[in-house]
Amino acid sequence: MTRRASLVGTAIVAVLIAALVALIGGAFSDGARSTGPVAAFDAEQLCNASTIISVGAGLGMSTRDQTIAVMTAMGESSLRNLPYGDWETSGVRNPDGSPTTSIGLFQQQDDWGTREQRLDPPTAATLFYNAMAESVPQPERDALEPTLVAHRTQVNDDPQHYARFWPAAVAVVDEITTTDAGLASRCT
């Protein structure tokens with residue numbers, strides 16, 4: 001897929017997400033709360049997860065791939081669209097010694113896209129899915145542990161870093177994709 005086609009696809013998915021949210025309306029602050037592992041996440045985090053899932057579905061990614069993407073964002077930003085990264089908070093550097101430039105849901109560095117792209121959740125999710133499909137093509141992706149798929153996509157220092165987020169990601173994806181109106185219906 002060309003970069004231009006990818007960005008056009010991202011724009012279409014973003015419009016569809018906005019239309020769905022506008023059509024259904026509502027907000028998480030209406031008092032409705034989930035229970036179990038999903039209850040640990042607030043409205044912003046669940047809306048970001050919903051966006052990641054919707055983008056993945058729009059790109060034809062499997063539920064497992066969508067769950068890997070949610071798990072990765074949990075491990076990178078706790079499902080928050082952060083305008084800063086590890087360099088600003090703890091002085092983390094790249095292997096070559098340069099300061100990291102990671103931002104957004106997936107803590108993507110400059111080589112992933114522009115600042116605006118990395119801070120736009122639908123675009124950042126598309127960038128992640130495209131990188132995942134390229135870094136770990138099928139059928140290999142389905143054969144690897146989810147944490148190893150995320151590691152090969154993100155190039156994190158610790159291949160097992162994401163493993164602890166898998167159970168919560170499974171619960172969040174299940175909740176968002178199976179509830180009556182879906183958690184996405186409460187995003188504004």
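Residues in the stretch 52-61 that are part of a loop (DSSP other than H, G, I, E, B) and in contact (Cβ under 8 Å) with a residue 40 or more places away in the chain: Leu59, Met61. Residues of the stretch 130-158 that are modelled with pLDDT under 95, not in a helix (DSSP H, G or I) and not hydrophobic (A, V, I, L, M, F, W, C): Asn156, Asp157, Asp158. In summary, Cys47 fulfils each of the numbered conditions (1) out of contact with any Leu (no Cβ under 8 Å at 6 or more places or on another chain); (2) at pLDDT 85 or above with the single exception of condition (1).
Restricting attention to the stretch 117-167 and to residues that are surrounded by fewer than 19 Cβ atoms within 10 Å (Cβ to Cβ) and among the small types (Gly, Ala, Ser), the residue that is nearest to Glu76 (Cα to Cα) turns out to be Ala163. Pick from Thr101, Thr72: which is hydroxyl-bearing (Ser, Thr, Tyr) and either assigned to a helix (DSSP H, G or I) or at pLDDT 90 or above (or both)? Being hydroxyl-bearing (Ser, Thr, Tyr) and either assigned to a helix (DSSP H, G or I) or at pLDDT 90 or above (or both) holds for just one of Thr101, Thr72, which is Thr72. Figure legend. Inter-residue proximity from the stretch 153-179: first residues more than 16 Å from Gln45 (Cβ to Cβ), second residues surrounded by fewer than 17 Cβ atoms within 10 Å (Cβ to Cβ), beta-carbon distance below 6 Å, spacing 6+ or different chains. Indicated pairs: Thr153/Ser135.
The values are calculated or read from the model by the stated rules, or taken from the named source; none is laboratory data. Keep in mind that what you see is a predicted model, and the values were worked out from it rather than measured. Note: ideal-geometry Cβ built from the backbone for every residue, glycine included; neighbour counts use all protein chains shown.
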